[in-house]
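A.B. asks: Please read through the structure below; I'll follow up with questions.
No lab work stands behind these numbers, since they all come straight from the coordinates. This one's a predicted model, so the numbers in the text were calculated from it and none came from an experiment. Every residue, glycine as well, gets a Cβ built from its backbone with ideal geometry; the counts of neighbours run over all protein chains shown.
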Amino acid sequence: MVTPESAGWGYSGLRILTLKPGEAHPLSTRDSEFLVLPLSGGCTVTTAGQTFELE
């Protein structure tokens, strides 16, 4: 099992969102890394001037 301590992570977290079709959720990542994983359906992610369609 990987834990924050065994992996040497200083910070970790989990955010789960439920969005309706067409709904947006703006998020400032600042200097953090984020992973976007659609659990059902798909979404569009725009960052640093690039757009990604996730299914």
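A.B. asks: Placing unit charges on C-beta atoms (Lys and Arg positive, Asp and Glu negative, everything else neutral), compute the dipole magnitude of the chain about its Cα centre in debye, rounded to 20. Kindly include the intermediate steps, with their values, before the conclusion.
C.D. replies: On the way: 3 positive and 6 negative charges, 31 e Å.
Charge dipole of the chain: 140 debye, to the nearest 20.
A.B. asks: Hey, another quick one. Would you kindly state how much longer the chain becomes between Met1 and Leu19 on full extension, computed as 0.36 nm times their sequence separation minus their alpha carbon distance, in nm to one decimal? Kindly include the intermediate steps, with their values, before the conclusion.
C.D. replies: On the way: separation 18, 0.36 × 18 = 6.48 nm, distance 3.04 nm.
This chain segment gains 3.4 nm when fully extended.
A.B. asks: Oh, and also: Given the -39500 (n - 2.57) contribution per DSSP H run of 4+ residues, what per-residue ellipticity at 222 nm results for the chain, rounded to the nearest 500 deg cm²/dmol? Could the numbers behind the result be given before it?
C.D. replies: On the way: 1 runs with 4 residues, N = 55.
The helix-only estimate for the chain comes to -1000 deg cm²/dmol at 222 nm.
A.B. asks: Against the globular-protein guess of 2.2 N^0.38 Å, express the Cα radius of gyration of the stretch 13-55 as a ratio, rounded to two decimals.
C.D. replies: With N residues counted in the stretch 13-55, Rg over 2.2 N^0.38 Å equals 1.17.
A.B. asks: Residue farthest toward the positive end of the dipole of the stretch 13-55, with Cβ of Lys/Arg at +1 and Asp/Glu at -1: which of Gly22, Thr46, Leu35?
C.D. replies: So the residue furthest toward the plus end is Gly22.
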